[in-house]
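Derivation of every value follows stated rules applied to the coordinates shown; laboratory data play no part. These figures come from a predicted structure and were not determined experimentally. Positions of Cβ are generated from backbone atoms using ideal geometry, with glycine treated the same way; all protein chains shown enter the neighbour counts.
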Amino acid sequence: MFSREVYGKSENSKDPSPLKVKEVWLNERRYIICLNEDQAVKDYHDREAIIESLRDSLKHGDKTLIGNKGFRRFVQATGKRFVINMDKVQEEERYDGKWVLTTNTHLSTDEVALKYKQLWTVEDIFRSMKSLMKTRPIYHKRDETIRGHVFCSFLALILRKELQDRLNEKGWNCEWADIINDLDNLLEMKITVTGKSYIIRSETNGTIGKVAQACGVALPPILRQL
């Protein structure tokens, strides 16, 4: 049995993907077994979709999917025919949502599991930095400008983390890509009517209202005179 649930935030806020952990000693080595039940459900359904596709493919004599490594692992040859290896399916099902950690630190079981989850977060941030925040490619030729570019990128990540924390505190689960897209679509334009100048703001669609509230920012009215 898994003995504890681990949350990646403070005691007052629940992690949307809590882990269950169990410590095991084997041959004087310490292992920490982690179970993410949400991931276990996803692993099960992903595998079922693969098996269903294989059944349909083999039924019609189509061997195309066997060339794909993700599908091939569930297939075995019986003479000139290919069939689904149900033993392999059942074996893999045992590991749905589970992984094993080992460490030579003196951290508690809960801390080891959380540090590993935080590693995922760091890796995700670096992917975001290279894609959504377009850190790469860097075309600068001087060390000073390269350092400045990377500094601004990390500053943006810090601000992103702060915004994400504030949204989470209010129970709002906003995807970062949606936030970027919605903010890109927030526009203002200047018009002049009968000699008077006005600023017109676009509507606050999507996540903009929540982002502004989380930041404590009051958006200007849709129409204001200069």
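Let me check against my output: what whole-number percent is the relative contact order of the range 16-100, with C-alpha pairs under 8 Å and at least 6 apart?
Working: 85 pairs, mean separation 27.5, N = 85.
Reported relative contact order: 32 percent.
Add +1 for every Lys or Arg and -1 for every Asp or Glu among the other residues with Cβ under 10 Å from the Cβ of ILE179, and state the total. The answer is -2. Cross-link reach is defined here as a Cα-Cα straight distance under 18 Å, omitting same-chain residues fewer than 8 places apart; for LYS190 the aspartates and glutamates meeting it are GLU203. Residues in the range 153-158 carry Karplus couplings, in order, of 5, 5, 4, 4, 5, 4 Hz; the curve used is 6.51 cos²θ - 1.76 cosθ + 1.60 with θ = phi - 60°, and Gly or Pro positions show x.
Across the range 180-225, C-alpha contacts under 8 Å between residues 6 or more apart give a mean separation that, scaled by the residue count, equals a relative contact order of 37 percent.
Starting from the Cα coordinates of the range 180-225, work out the convex hull volume and express it per residue in Å³. Don't skip to the answer; put the middle values down first.
Numbers: hull volume 2.8 nm³, N = 46.
Given the Cα convex hull of the range 180-225, per-residue volume reads 61 Å³.
Restricting attention to the range 37-93, lysine pairs at least eight places apart or on different chains and with alpha-carbon atoms under 19 angstrom apart total 5. Computed from backbone phi with θ = phi - 60° and the Karplus coefficients 6.51, -1.76 and 1.60, the 3J(HN,Hα) list for the range 169-184 is 4, 8, x, 9, 9, 9, 6, 4, 4, 5, 4, 4, 5, 5, 5, 4 Hz; x is used for glycine and proline. The HN-Hα couplings worked out from phi for the range 36-46 by the Karplus form 6.51 cos²θ - 1.76 cosθ + 1.60 (θ = phi - 60°) are 10, 5, 5, 5, 4, 5, 5, 4, 4, 5, 4 Hz, whole numbers, x standing for Gly and Pro.
Of the cross-linked pairs LYS20/LYS210; LYS115/LYS170; LYS20/LYS117, those separated by over 21 Å at the C-alpha level are LYS20/LYS210; LYS115/LYS170.
Could you tell me the ratio Rg/Rh of the range 37-93? Both radii from Cα atoms, Rh via Kirkwood.
Here Rg/Rh amounts to 0.99.
Determine the sum of side-chain charges near GLY209: Lys and Arg each +1, Asp and Glu each -1, restricted to other residues whose C-beta is under 12 angstrom from that of GLY209. That works out to 0.
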